[in-house]
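K.L.:
Sharing a structure below in structure tokens format, with a few things to ask.
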Amino acid sequence: MNVTPLDLVAVCGYFVLMAIFGYLTRRTKTFEEFATGKHSVPRFMVFASLAATIVGPGFSVGFTSKGWSSGYLFFYLALAYGAQVVVSGLLLAPKLSEHRDCHSLGDVMRKKYGPATQFLTGIVSVGLCIGFTAVMGSIGGKMLQAISGWPLPVCLTLVTGMTALLTFSGGVRATVATEGLQFALFSITIPALLLIAVAKTPESLSSIADQAKSLTDLGVASMSPLQMFAVAVSFMLGETLLPPYANRALAARSNEDSRSGFVMAGFYSVVWLGVVTVLGVVAHGVLSPSTESDNVLLVMGQYLLPAGVFGLLLAAIVAIVMSSQESVLNSATVAFIRDIVCVLCKPSDRTTLMIAKAGTVVFAAIAIYAAQSAPSIIDGLLVLYAIWTPTILVPLVFGLFLRETRPMAGWLSIIAGGGTTIAWQFLLAEPFGIPPILVGIAASLIGYAIGHYTSKTVLATEGAVA
Amino acid sequence: MTYIFVIIFPAIAMIAGAVGILSLGNFVGEIRNDFHGKPEE
């Protein structure tokens, strides 16, 4: 990639700005501050942080690529995602925020189902978050290498190391603050690129609309209805209350802040996906048809933007990667402490904070190693992403709404949902094209019902989160 | 649809980004005050 010194200055300026932010928001005195920021995050920051986490490489570069090849098809399918975030905001997030004594999703599970379910939730959460950290680090590192020409190990370490530094020093509030800055950067830069592209393309708006329609028709023709249904289901259910999203609900200042933050993030995701998708359509009037679809966003930026401003776009894309990475790294540490360490022993608050900070560094190191030398580790960890919703969603939703819950229902639904999803997806290779997530949720429901109606054991005290 | 995508959506996203910068200033101020022990408003 041809990058001018001015562009490089813009990218380096971004990293310097992040370091200054890390300094300004550094230090946490207690684990409570590290994990939930003392439940003090206001609604707009809940929204900005959630939006920054949601908008990763797939929801930016990936959707521009989809717009280039299949018009608005994936935008329409991804409306299910926005709907899911809005519904989560209206129904689930305020319920989560009521648990002011909880630091993680596992803590909520413990209150409802006991330590075994918390431990299982912790295992899935930690593995999933480290896997995500590695994937994001790998994408960000390769991007930085393309920009700077530096060796890949240096770029991987720089991206994930900077993320770890920000998360290590300030916990969730520092993460939310830097995500707010990253959110502002990409929310202004990428739409500005779209406006410049529309101004410079020789095509009129009506011919862009015609182009979009023909590309969308091509996209629809290339997929079967069942495939489209499976994609929409994945968008709708695949990321429901992932650990970083749940942590934002727990860190919110009030139930209302949590609800508003989620609802705004759901609507923003629709707006954002519209912008990046139409960028791919508009690109047809600017770029050669032989352009690789995955490179459309970057190539268009390089073609349209002057030196220095293109550097801002590159910084925005690095910010998109890092903002998602920060959330998952922070969530991995909090879940590790609360749902695994604290289930096995009861360290003092000072020790807990030290373990949390050390855990941040260790998980970042594992992510850097996996991204560089052992992609099979990432593949293994991402299995946990496939089973997230089928394991956690059912017991969590029932736990939030039922007054009386039984421990057996919690762990049985997790094991049934996870085991069935893995078998359906990896051993049976998705028979009849039925999405594994649906089969897994059905199994989880059955497991929950069996546990709920056959067990007579009820938790003695609900509020027992130590 | 295309008109909404290329005119209204970018405007909404850019306004959200600008409001984000303003909110960020307050939030960082709160964190700093909290850390240095100053009373919150």
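Just so you know, all these numbers are worked out from the coordinates, no wet-lab data involved. This one's a predicted model, so the numbers in the text were calculated from it and none came from an experiment. Note: ideal-geometry Cβ built from the backbone for every residue, glycine included; neighbour counts use all protein chains shown.
K.L.:
Can you tally the net charge around residue A:304? Count Lys and Arg as +1, Asp and Glu as -1, for every other residue whose Cβ sits under 15 Å from the Cβ of residue A:304.
P.N.:
Overall, the nearby charge balance is -1.
K.L.:
May I ask you to compute the full-extension gain from residue A:204 to residue A:116, defined as 0.36 nm times their residue separation minus their alpha-carbon distance, rounded to one decimal in nm?
P.N.:
Gain in length upon complete extension: 25.6 nm.
K.L.:
Which lysines, if any, have their Cα less than 19 Å from the Cα of residue A:95, not counting same-chain residues under 8 positions apart?
P.N.:
Within reach: A:38, A:111, A:112.
K.L.:
If you line up the long axis of helix A:349-373 against the longest principal axis of chain A, both from Cα atoms, how many degrees apart are they, to the nearest 10?
P.N.:
Here the helix axis deviates by roughly 50 degrees.
K.L.:
Something else about it: Tally Lys and Arg at +1 and Asp and Glu at -1 over the other residues with C-beta under 12 Å from the C-beta of residue A:397: what net charge comes out?
P.N.:
+2
K.L.:
Related question: In Å and whole numbers, how far do the C-alpha atoms of the protein assembly as shown stretch along each principal axis, longest first?
P.N.:
71, 58, 44
K.L.:
On to the next question. Under 1.5 on a/c is rounded, so check that first for region A:187-271, then, if it is not, pick prolate when a/b is larger than b/c and oblate when it is not; a ≥ b ≥ c are the square roots of the alpha carbon gyration tensor eigenvalues.
P.N.:
oblate
K.L.:
Based only on other Cβ atoms within 10 Å, what is the fewest-to-most ordering of A:385, A:303, A:448?
P.N.:
A:303, A:385, A:448
K.L.:
Say a paramagnetic label sat at a point 7 Å from the Cα of residue A:26, along Cα to Cβ; which residues of region A:169-193 have their backbone N under 11 Å from it?
P.N.:
A:169-170
K.L.:
Using a 7 Å offset from Cα along Cα-Cβ at residue A:429, what residues in region A:215-255 end up with backbone N under 19 Å from the label point?
P.N.:
Counting only backbone N, you get A:224, A:227.
K.L.:
Calculate, for residue A:349 and residue A:12, the FRET efficiency according to 1/(1 + (r/R0)^6) with r their C-beta to C-beta distance and R0 35 Å; round to the nearest 0.05.
P.N.:
Working from the Cβ atoms, E equals 0.35.
K.L.:
Normalised by the empirical 2.2 N^0.38 Å for globular proteins, what value does the Cα Rg of region A:344-418 take?
P.N.:
Output field value: 1.50.
K.L.:
How big is region A:301-384 along each principal axis, measuring the range of its Cα positions in Å and listing the largest first?
P.N.:
57, 31, 18
K.L.:
For the protein assembly as shown, give the magnitude of the charge dipole about the Cα centre (Cβ charges: +1 Lys/Arg, -1 Asp/Glu; no others), in debye to the nearest 20.
P.N.:
Charge dipole of the protein assembly as shown: 980 debye, to the nearest 20.
K.L.:
Expressed as an acute angle from 0 to 90° and rounded to the nearest 10, what is the orientation of the C-alpha long axis of helix A:375-401 relative to the principal long axis of chain A?
P.N.:
60 degrees
K.L.:
Could I have the simple spin-label model distance between residue A:362 and residue A:442, label points 7 Å from Cα toward Cβ, reported in nm to one decimal?
P.N.:
4.1 nm
K.L.:
What average count of beta carbons from other chains do you get within 10 Å of the Cβ of residues in A:260-272?
P.N.:
Partner-chain Cβ atoms within 10 Å, mean over residues of A:260-272: 2.
K.L.:
I'd like the per residue volume of the convex hull spanned by the Cα atoms of region A:27-170, given in cubic angstrom.
P.N.:
154 Å³
K.L.:
With runs of 4+ DSSP H residues as the only contributors, calculate the mean residue ellipticity of chain A at 222 nm using -39,500 (n - 2.57) per run, divided by the residue total and rounded to the nearest 500.
P.N.:
-25500 deg cm²/dmol
K.L.:
For residue B:33 and residue A:101, what is the calculated FRET efficiency with R₀ set at 30 Å and r taken between the beta-carbons, to the nearest 0.05?
P.N.:
0.75
K.L.:
Taking every residue in A:33-45, how many Cβ atoms of other protein chains lie within 10 Å of its Cβ, on average?
P.N.:
Average neighbour count from other chains, rounded to a whole number: 3.
K.L.:
Report D for region A:276-432 in µm² per second (integer): Stokes-Einstein, Kirkwood Rh on Cα pairs, 20 °C, 1.002 mPa s.
P.N.:
Result for D is 106 µm²/s.
K.L.:
Another one. Quick check: the distance between the Cα centres of region A:93-159 and region A:198-239, to the nearest angstrom?
P.N.:
Region A:93-159 and region A:198-239 have Cα centres spaced 31 Å from each other.
K.L.:
Rounded to the nearest 10 degrees, what's the angle between the helix A:43-54 long axis and the longest principal axis of chain A, both from Cα atoms, 0 to 90?
P.N.:
The answer is roughly 70 degrees.
K.L.:
What does the structure give for A:179-187 when I average, per residue, the other chain Cβ atoms found within 10 Å of the residue Cβ?
P.N.:
5
K.L.:
Give me the net charge for the shell around residue A:337: Cβ to Cβ below 12 angstrom, other residues only, Lys and Arg +1, Asp and Glu -1.
P.N.:
Here the charged neighbours net out to -1.
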